[in-house]
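Data first, discussion second: the structure below is written as structure tokens.
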Amino acid sequence: NTIDACLSPELLNLYPAENKIIVIIDVFRAGSSICCALENNVLFVKTVGSIEEACKLKVKGYIIAGERDGYKLENFDMGNSPADFLKPELKNSQLVISTTNGTQAVEAAKKLGNSNLIIIGCFLNFKALMQFIINKKMDVLVLCAGWKNRISIEDVFFAGKMIEYLTTHSNYTKNSDAAAIASSVYLQGKNNSYQYFLD
């Protein structure tokens, strides 16, 4: 199987994708928030691209969360800080989330067709994510959400972490220069990732 990387949603139209696992990477916010919500026994998390769609679902009883440019949206119940999704009162609720980058990447991936399997990846679910992919034995496209369609170092770093793990611990092979770049970013910063992101 192959693993490829798309370093910005703006480039996604250059990647033919059928029967692939598409891993959405937005490690600092949306990905981590969704994982925290599911760990907190939220019944359902739906990602939407637009503020309007989220507000329509609020009328139907969903809790809506989201941000634009890092700021909580007016009339939304929550922002997009992962810690907020661990609140006890969210248990057994149905959640809708719309963000600047992560949920936009999900919406872009949906347009590639129904034959793909779209999942979320971040540091919080890394081990489960790797095991899931290895068990599925499908080609993988890692889609970095970035920041407003620009490349972000943390998403590329995590993509590289995934690529290095899968090519080392399974039969996956890198499929492009972008995958090699992501691997290089990870290998350069893995020994002190916190400082690497700050620099």
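At a glance:
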item	result
Residues satisfying the stated conditions in segment 52-67, i.e. assigned to a helix (DSSP H, G or I) and among the acidic types (Asp, Glu)	52, 53
Among residues of segment 1-35, those that are open to solvent by 30 Å² or more (accessible area, probe 1.4 Å), touching a Ser or Thr at 6+ places or on another chain (Cβ under 6 Å) and either without any contact (Cβ under 8 Å) to a residue 24 or more places away in the chain or not in a strand (DSSP E or B) (or both), counted	2
Criterion (assigned to a loop (DSSP other than H, G, I, E, B) and in contact with a Ser or Thr (Cβ under 7 Å, 6 or more places away or on another chain)) met by exactly one of 80, 41, 75	80
Unmet criterion (only one of (1) under 15 Å from the mean Cα position of the chain (by Cα); (2) modelled with pLDDT under 95) for residue 191	(1)
In segment 44-87, the residues that are in contact with a Gly (Cβ under 8 Å, 6 or more places away or on another chain) and not hydrophobic (A, V, I, L, M, F, W, C)	47, 66, 67, 71, 72, 79, 80
Odd one out for residue 193 among (1) in a helix (DSSP H, G or I); (2) crowded, with 21+ Cβ neighbours inside 10 Å; (3) of a type outside the set (Lys, Arg)	(2)
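The values are calculated or read from the model by the stated rules, or taken from the named source; none is laboratory data. Being a predicted model, the structure only gives us computed values, none of them experimental. All Cβ positions, glycine included, derive from the backbone under ideal geometry; neighbour counts span all protein chains shown. We work out accessible area using only protein heavy atoms, side chains counted, and drop any ligands, DNA or RNA first. Shrake-Rupley method; radii C 1.70, N 1.55, O 1.52, S 1.80 Å.
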